[in-house]
Amino acid sequence: MREFQELSQNELARLANIPQPTISAIENDRVNLGIERAESLARVLKCHPAVLVFPGWDVENEDAK
């Protein structure tokens, strides 16, 4: 979502009030996103927090399980 909206990690960090190293760690799966961070980032990225928490969710395949 960040790249899609053409934001740098520094820009997103400033807008979401989350340190840039934390943004990097989240993107590289070194730190869990967490609910509070998901909410902060979703506000800035103008999306639902679920989009950030479950990025690979495939509704089509879930119905088959």
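Throughout, read-outs are computed from the coordinates displayed, never taken from laboratory work. Predicted model, so just to flag it, every value in this text is computed and none were measured. Cβ placement follows ideal geometry from the backbone for every residue including glycine, while neighbour counts extend to all protein chains displayed.
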In the list (i) 3, 17, 31, 30, 12, 5, 2, 0; (ii) 4, 18, 26, 27, 11, 7, 5, 2, 0; (iii) 3, 15, 24, 25, 14, 9, 6, 3, 0, the entry giving P(r) over Cα pairs in 5 Å bins from 0, in percent computed from the coordinates is (ii)
The answer for the net charge of residues other than residue 2 whose Cβ lies under 11 angstrom from its Cβ, with Lys and Arg +1 and Asp and Glu -1, is -4
